[in-house]
Amino acid sequence: MGNPLGVKRDFSALERRRLRAAVLLEKGIHEAEVARRVGVHRQSVNRWKQALEKLGRTGLKKAGRAGRKPLVSAAKLRTIEADLERGPQALGYETGLWTTQRVAELIEERFGVRYTAEHVGSLLRRLGWSCQRPIGQALERDR
């Protein structure tokens with residue numbers, strides 16, 4: 001069900017499809033034929049027809065974004081990113097290594113929002129940060 005991972009829904013295209021179906025319905029074409037022509041299930045066309053009858057074409061306009069609204073706004077994420085750029089040692093950590101757990105703690109401390117380390121990883125990727133692992137070098141190596 002749903003979209004494959006990473007595939008964004010084109011809300012404008014979905015709206016155009018609903019409006020194309022509205023034109024066909026207004027011409028008196030049967031729901032099943034409209035469904036075939038626009039490539040959807042007949043039940044979808046039935047819902048669209050009901051919305052068209054109740055609200056007109058405005059009932060078929062796009063709803064906007066899908067899903068839950070983020071708990072931390074984009075502006076707040078930019079402040080987190082500024083903290084990340086300063087480095088973990090500037091914020092009191094012993095080592096210079098950011099971990100997703102540390103970033104999760106930082107977000108919770110700053111904004112009172114608790115994220116899992118996995119979700120923090122996806123937030124960081126969205127901000128353009130990638131996983132960096134320090135190079136393990138022996139202390140006895142030649143300099």
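The values are calculated or read from the model by the stated rules, or taken from the named source; none is laboratory data. All figures in this text were calculated on a predicted structure; none of them were measured in a lab. All Cβ positions, even for glycine, are placed from backbone atoms using ideal geometry, and neighbour counts span all protein chains on display.
So, in segment 88-135, exactly how many residues are over 24 Å from the mean Cα position of the chain (by Cα) and aliphatic (A, V, I, L, M)?
Kept after step one, since they are over 24 Å from the mean Cα position of the chain (by Cα), are these residues of segment 88-135: 88-97, 133-135.
Filter again for aliphatic (A, V, I, L, M), leaving 90-91, 97, 135.
Going through segment 88-135 one residue at a time, the tally reaches 4.
Do we find that Arg9 is surrounded by fewer than 16 Cβ atoms within 10 Å (Cβ to Cβ), modelled with pLDDT of 95 or more, out of contact with any helix residue (DSSP H, G or I) (no Cβ under 8 Å at 6 or more places or on another chain) and among the basic types (Lys, Arg) in this structure?
no
Can you pull out the residues in segment 67-94 that are farther than 13 Å from Leu127 by Cα and of a type in the set (Gly, Ala, Ser)?
Gly67, Gly87, Ala90, Gly92
Does any residue of segment 114-124 turn out to be exposed (fewer than 13 other Cβ atoms within 10 Å of the Cβ), under 30 Å from Ala22 (Cβ atoms) and not assigned by TED's automatic domain parsing to the domain that holds Arg20? First the steps, then the outcome.
First pass over segment 114-124, keeping only residues exposed (fewer than 13 other Cβ atoms within 10 Å of the Cβ): 114, 116, 118, 122.
Now restrict to residues that are under 30 Å from Ala22 (Cβ atoms): none.
For segment 114-124, residues exposed (fewer than 13 other Cβ atoms within 10 Å of the Cβ), under 30 Å from Ala22 (Cβ atoms) and not assigned by TED's automatic domain parsing to the domain that holds Arg20: absent.
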